[in-house]
1. Is at least one residue of region 269-282 touching a residue at least 40 places away in the same chain (Cβ under 8 Å) and either of a type in the set (Ser, Thr, Tyr) or loosely packed, with under 12 Cβ neighbours inside 10 Å (or both)?
2. Could you please let me know if residue 370 is touching a Leu at 6+ places or on another chain (Cβ under 6 Å), closer than 14 Å to residue 308 by Cβ and touching a residue at least 24 places away in the same chain (Cβ under 8 Å)?
3. When the residues of region 357-377 are filtered to those that are hydrophobic (A, V, I, L, M, F, W, C) and touching a strand residue (DSSP E or B) at 6+ places or on another chain (Cβ under 7 Å), which remaining residue is farthest from residue 421 (Cα to Cα)?
4. What is the one condition in (1) assigned to a loop (DSSP other than H, G, I, E, B); (2) under 30 Å from residue 336 (Cβ atoms) that residue 156 does not satisfy?
5. Restricting to region 102-119, count the residues that are in a strand (DSSP E or B) and either in contact with a helix residue (DSSP H, G or I) (Cβ under 8 Å, 6 or more places away or on another chain) or surrounded by 14 or more Cβ atoms within 10 Å (Cβ to Cβ) (or both).
6. Which numbered condition trips up residue 250, out of (1) farther than 14 Å from residue 142 by Cβ; (2) in contact (Cβ under 8 Å) with a residue 40 or more places away in the chain?
7. Take region 133-153 and flag every residue that is aliphatic (A, V, I, L, M), in contact with a strand residue (DSSP E or B) (Cβ under 6 Å, 6 or more places away or on another chain) and not in a loop (DSSP other than H, G, I, E, B).
8. Do you know which of the residues in region 10-52 that are part of a strand (DSSP E or B) and out of contact with any Lys or Arg (no Cβ under 6 Å at 6 or more places or on another chain) is surrounded by the fewest Cβ atoms within 10 Å (Cβ to Cβ)?
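The values are calculated or read from the model by the stated rules, or taken from the named source; none is laboratory data. If you're wondering where the values come from, they're calculated on a predicted model, not measured in any experiment. Positions of Cβ are generated from backbone atoms using ideal geometry, with glycine treated the same way; all protein chains shown enter the neighbour counts.
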Amino acid sequence: MKVTKEKEENRQAYITVEMEPAEMETSLQDAYRHLAQKADIPGFRKGKAPREVVEHHLGKPRLLEEALDRMLPQAYEQALKEQEIEPFAQPDMEITQTDPLIFKAVVPLTPAVELGDYASIRVTPEPVDITDENINSVIEELRHQHATWEPVDRPLDYDDLAIIDINGMVEEKPYVQKVGAQIQVLKDLMSPAPGFSDQIVGMKKEEEKEFTLSFPEDYPNDKVAGKEGHFKVKLSEIKEEKLPELNDELAGQVSPDFKTIDALREEVVKSLQARGEERVRMDFEEKVINTAIEQSRVEYPPVLVELEINRILNEQVRQLQMSGRGMDEYLQSINKTTEQLREELRPVATKNVSASLVMSKVAEAEKIEVTESDIENGIKNMTRGSAEDKMEELRKLLDTPQTRESLKQSLRTRKTIERLTEIARKTEDTKKETKTKKKKKEEEK
């Protein structure tokens, strides 16, 4: 067997392996014996048919396929040992010739991470700024949530609630048929068709109307995209939104715990403050991680990005299944193919891979460990809030080697981020103070 290492780039080794004819013949003979034991060949007991008969009965390609399935893994492992290559993941292999056998392999290598001076990272968290406008916006939203809809005797206007019968056809095929549909007439309403609200605004109760609308080429429903729809509608009722007064009664409607509008306002401020602090924390952590990545030199085989894209897609599939949808339906709704979605996810996956590798290296440098106690507490947090009769069952599902290892990696990453943000919060004053103390100790010594 002749092994040639062509090159090494992008943390991948490119090798070419050429097998000796004798090695190929040995593998073909082994394949014949294996297939002869399983094949039902008329006139012969299993394992007794000559090779020529087996080859004629099953076909030469089948014999070659069996030989390659047996020989390739062994030849690949031997080639790695000969070239002293440590693979990080499964290779991409291509057979370029079968007589004699020649195959090429692109071998992913262990990622290389060279950390920058992460100890010098200094980032100042943004302050949480809660304005009266933010507070009033939330309270206004609460008013809309507790509003009532009352019938009015006037032409339909934007933001009204229309009770309407709709009969829509596209290319003489039924598109939408609804009786007594309740539609809030918003200006940017895209369903049942763009421009539908503009057509029905101004209609009066019991009025009927026909109109045609064009669906844009990029409309999410590709069955009607780029086509025209003909609509017949009949408006049966118009309702107007009546907002509750901004008083203590509204506070009680939101929750019996709020006796006054001032108490409601205080709770809104607390909620905005908590959400603001969480947003600031996440933004701060992202800036710190991005700075650590920018400082570092990271090289990894491209397969890691593909694996991360697969992970993201699998998570999307899981979430879609929980909501009763499938990936095909989702792709149709966003008008994209699987390959288009993969390319859309590539930048996110690339960033995730770099962040994961850098965080792992920082954890190693900072000697960050996760104890069994940490894992147990993590499992407890995951089961917290579950019903008593379900808690033990859920714990058993979570307490598996795979889940514990996944949780361990997650907790290690969290500890690493906390360590990095702790470093990043240090101010120049802290550095000066440290230098002053060090100088004083040296003088005392």
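1. yes
2. On the way: touching a Leu at 6+ places or on another chain (Cβ under 6 Å): yes; closer than 14 Å to residue 308 by Cβ: no; touching a residue at least 24 places away in the same chain (Cβ under 8 Å): yes.
In short, no.
3. 357
4. Only one criterion is unmet by residue 156, namely (2).
5. Of the residues in region 102-119, the ones in a strand (DSSP E or B) are 102-109, 112-114.
Then drop every residue that is not either in contact with a helix residue (DSSP H, G or I) (Cβ under 8 Å, 6 or more places away or on another chain) or surrounded by 14 or more Cβ atoms within 10 Å (Cβ to Cβ) (or both), which leaves 102-109, 113.
Adding up the residues that qualify gives 9.
6. Single failed check for residue 250: (1).
7. Here is the first cut: in region 133-153, the residues aliphatic (A, V, I, L, M) are 135, 138-139, 142, 147, 152.
With in contact with a strand residue (DSSP E or B) (Cβ under 6 Å, 6 or more places away or on another chain) added as a condition, the list becomes 147, 152.
Those that are aliphatic (A, V, I, L, M), in contact with a strand residue (DSSP E or B) (Cβ under 6 Å, 6 or more places away or on another chain) and not in a loop (DSSP other than H, G, I, E, B): none in region 133-153.
8. 12
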